[in-house]
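Visitor: First the structure, then my questions, so here it is.
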Amino acid sequence: MFDYKNLHVQDPEVLTIIKKEMKRQSEEMELIASENYVSKAVLEAMGTVLTNKYSEGYPGHRYYGGNQIIDEVETIAIERAKKLFKAEHVNVQPLSGSPANAAVYFAFLKPGDKVLGLRLDHGGHLSHGHPVNFSGLLYNFTQYEVDMQTGMIDMEKVREIALREKPKMIVAGYSAYSREIEWQKFKDIADEVGAFTFADIAHTAGLIAAGEMASPVPFFDVVSTTTHKTLRGPRGAIIMCQEQFAKQIDRAVFPGMQGGPHDHITAAKAVAFGEALQPEFKQYAKQVIANAKTMAEEFIKFGYRVISGGTDNHLMVVDMTSKGISGKEAENILDRCGISVSRSTIPNDPNPPMNPSGVRFGTPAITTRGLKQEEIKSLATWINAGIEHRDEPEMLDKIKDQVREMCLNFLIPSI
Ligand SMILES: *Cc1c(COP(=O)(O)O)cnc(C)c1O
């Protein structure tokens, strides 16, 4: 789409790297659950002169001159996000998911306050209280878990922990959890102990916006999401909240956590929200889930242990030790076949985080590319063949060729 004329003349070194990555993305299959391909329109909005502007503050109240036009773009982004998620208030300035969560904690908590979050190795996110992350360092997190039998969150246990710990906030919404979340039950427990409710829908936002998964937005106090995962926008995040918390959220984002917003990204967020409001986006979201369900079924047929026995969303965590291999080894073999995945812990993983037992697979990117159930079945067959014949280089070469051929039949939108 871009001709890169200027980059070609001025900095061929960097352009060469960009072109290599374009080729890699075109010819390889992306099964990393947090990734996606933005549209040409979203990409164009990002590459604009809006990046030149400083606009600390909010529409109508800026700390720099010349922001009348930037106000228009931020206002459109806010209005579209409100409509998309039926939110009372939206802040579209967070630079990414982790900074958005930092702002949420900053708005509602004091350092040392008690919070409940899901354990990282059970599907939670670093920013939900992991000891190496700012969240675990600044706040007093207690971690809840999934049930070892079902692989699902045990709401009775969550209630027990909440009654015991009396947290100031309960966090729900995860990075490696494949089931519907019982938002209403979280809300009931939080009400019982007087805690704030915070949903982090970074992974499932696109599916929620499309109405294909239940939304916490109508009754949770505050909801954050990245914009670049299933929502298929630019890298970034937004925070939604009830009107009564609007001021404290806005103040926490700026001047609390951030300086100037990235206005070119705000424009791209507006474009992505516009796309997500179209009927085609609902079709995409439905297909993402149908593809994930098919993939999970195929893995189960091939004898893999899928955590929780299946999926309600776009991802699944698969225990690779059921095939005598670690998650990291599986990641390397699939890389060799032109298939990108991310290794993942499984609940109560006996292996260390750098070499965990599982792999997380996701379908958003390949669905954007146009793959449907039939192609998913081929892909699952190749993945299984790669794992089972990992010691046969000719077999891995053959799989790589098949993957590449399929990729060239399903082009990514921006190339
Ligand atoms: C991806 C993710 C984030 C962090 O987003 P970044 O943009 O990588 O900072 C936060 N929370 C959850 C649940 C996520 O999955």
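The values are calculated or read from the model by the stated rules, or taken from the named source; none is laboratory data. Computed from a predicted model, the values in this text were never measured in an experiment. So basically every Cβ, Gly included, is an ideal-geometry build from the backbone, and we count neighbours across all protein chains shown. For the accessible areas, the whole protein counts, side chains as well, though only heavy atoms, and no ligand, DNA or RNA atoms are used. Shrake-Rupley method; radii C 1.70, N 1.55, O 1.52, S 1.80 Å.
Visitor: Only Cα pairs under 8 Å and at least 6 apart count here; give the relative contact order of region 105-173 as a rounded whole percent.
Guide: 36
Visitor: If you count the DSSP beta bridges with both ends in region 44-276, what percent of them are antiparallel, to the nearest 5?
Guide: 45
Visitor: A further question follows. For region 287-313, list residues with backbone N below 19 Å from a point placed 7 Å from the Cα of Gln149 toward its Cβ?
Guide: Taking a point 7 Å out along Cα→Cβ of Gln149, the residues of region 287-313 whose backbone N falls under 19 Å are 306-310.
Visitor: Whenever you get a sec, compute what percent of the accessible area on region 284-409 sits on carbon and sulfur atoms (1.4 Å probe).
Guide: 47
Visitor: Report the charge-dipole magnitude of the chain in Debye, nearest 20, computed about the Cα centre from +1 at each Lys and Arg Cβ and -1 at each Asp and Glu Cβ.
Guide: Charge dipole, the chain, about its Cα centre: 400 debye, nearest 20.
Visitor: Please grab the % of Cα pairs in region 44-276 that end up more than 26 Å from each other.
Guide: The calculated P(r) of region 44-276 puts 34 percent of pairs beyond 26 Å.
Visitor: A further question follows. Once the convex hull of the alpha carbons of region 177-225 is built, what does its volume come to per residue, in cubic angstrom?
Guide: Here the figure is 71 Å³ per residue.
Visitor: Another question, then. Any chance you could check the Cα centroid distance between region 40-93 and region 221-246 for me, in angstrom?
Guide: So the separation of the two Cα centres works out to 14 Å.
Visitor: Moving on to the next point. Counting only heavy atoms of the protein chains, get the accessible area per residue of region 287-338 (1.4 Å probe) and round it to a whole Å² value.
Guide: Dividing the accessible area of region 287-338 by its residue count gives 32 Å².
Visitor: Sticking with this structure for a sec: Would you kindly calculate the translational diffusion coefficient of region 284-409, applying Stokes-Einstein with the Kirkwood radius from alpha carbon pairs, for 20 °C and a viscosity of 1.002 mPa s, and quote it in µm² s⁻¹ without decimals?
Guide: 148
Visitor: Binned at 10 Å from 0, what are the whole-percent values of the Cα-Cα distance distribution for region 175-324, short to long?
Guide: Bins of 10 Å from zero give 10, 31, 33, 19, 6, 0 percent of pairs.
Visitor: Over the chain, what is the relative contact order in whole percent, taking alpha-carbon pairs under 8 Å and six or more residues apart?
Guide: 23
Visitor: To continue, here is another question. In deg cm²/dmol, rounded to 500, what helix-only [θ] at 222 nm does the chain give when every DSSP H run of at least 4 residues adds -39500 (n - 2.57) and the total is split over its residues?
Guide: It lands at -13500 deg cm²/dmol.
Visitor: Work out the charge dipole of the chain with +1 on the Cβ of Lys and Arg and -1 on the Cβ of Asp and Glu about the Cα centre, then indicate which of Ile412, Pro393, Pro131 is farthest towards its positive end.
Guide: The residue sitting farthest along the positive end of the dipole is Pro131.
Visitor: With the full set of protein chains in place, find how many percent of the accessible area of region 44-276 is carbon and sulfur; take the probe as 1.4 Å.
Guide: The C+S portion of the solvent-accessible surface of region 44-276 is 54 percent.
Visitor: Let me ask another. Can you tell me the alpha carbon radius of gyration of region 38-118 divided by the globular rule-of-thumb value 2.2 N^0.38 Å?
Guide: For region 38-118, the normalised Cα radius of gyration comes out at 1.34.
Visitor: Just the number please: accessible area per residue for region 44-276, 1.4 Å probe, all protein chains included, in Å².
Guide: 40
Visitor: Give me the distance between the Cα centres of region 348-377 and region 315-339, rounded to whole Å.
Guide: 9
Visitor: Report, as a whole number in µm² per second, the diffusion coefficient that Stokes-Einstein gives for the chain at 25 °C and 0.890 mPa s using the Kirkwood radius over alpha carbon pairs.
Guide: Rounded to a whole number, D works out at 111 µm²/s.
Visitor: Which percent of Cα-Cα pairs in region 261-307 sits in each 10 Å bin, short to long?
Guide: Pair shares across the bins are 23, 27, 23, 20, 7.
Visitor: Let me ask something additional. Rounded to the nearest 0.05, what FRET efficiency is calculated for Glu56 and Lys377 with R0 set to 56 Å and r the Cβ-Cβ distance?
Guide: The pair Glu56/Lys377 has a calculated efficiency of 0.65.
Visitor: Antiparallel DSSP bridges in the chain: what percent, to the nearest 5?
Guide: 55
Visitor: If R0 is 45 Å, what FRET efficiency do you get for Asp391 and Ala290 from their C-beta distance, rounded to 0.05?
Guide: E(calc), rounded to 0.05, equals 0.85.
Visitor: Select from region 86-121 those trypsin sites (Lys or Arg not before Pro) which occupy a DSSP coil region and have at most 15 other Cβ atoms within 10 Å, ordered by residue number.
Guide: For trypsin sites (Lys or Arg not before Pro) across region 86-121 that sit outside H, G, I, E and B with at most 15 neighbouring Cβ atoms in 10 Å, the list reads Lys86.
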